[in-house]
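Structure record follows, encoded as structure tokens.
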Amino acid sequence: MRDQTITWRQAAQRAAEVLERADCEPNPAMVDAKVSIAEGWTQLAAALSEIEH
């Protein structure tokens with residue numbers, strides 16, 4: 001496995017992308033799953049923002 005880094009802005013962008021896909025999802029269970037994933041990305045973005053600043 002190679003080392004990878006991500007900034008808070010990239011994590012926030014991932015959250016937005018996942019939410020956008022959830023908005024187009026017809027299956028309610030998948031919507032819930034994608035919203036949960038987006039929340040994780042958002043939490044990561046917040047934590048990284050605190051570290052970076």
Query raised in the report: Taking the chain only, how many residues are outside any helix (DSSP H, G or I) and free of Cβ contacts under 8 Å to residues at least 40 places away in the same chain?
Result: 10
Report task. Can you confirm whether region 6-29 contains a residue that is surrounded by 11 or more Cβ atoms within 10 Å (Cβ to Cβ) and more than 14 Å from the chain's Cα centre (by Cα)? Result -> yes
Query raised in the report: So, of the residues in region 36-53 that are of a type in the set (Asp, Glu) and modelled with pLDDT under 95, which turns out to be most open to solvent (accessible area, probe 1.4 Å)?
Result: 50
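The values are calculated or read from the model by the stated rules, or taken from the named source; none is laboratory data. Remember, it's a predicted structure, so these values are computed and weren't measured experimentally. In this analysis, Cβ positions are derived from the backbone assuming ideal geometry, glycine residues included, and neighbour counts consider all displayed protein chains. Please note that ligands, DNA and RNA were not included when accessible areas were found on the heavy atoms of the full protein model with its side chains. Shrake-Rupley method; radii C 1.70, N 1.55, O 1.52, S 1.80 Å.
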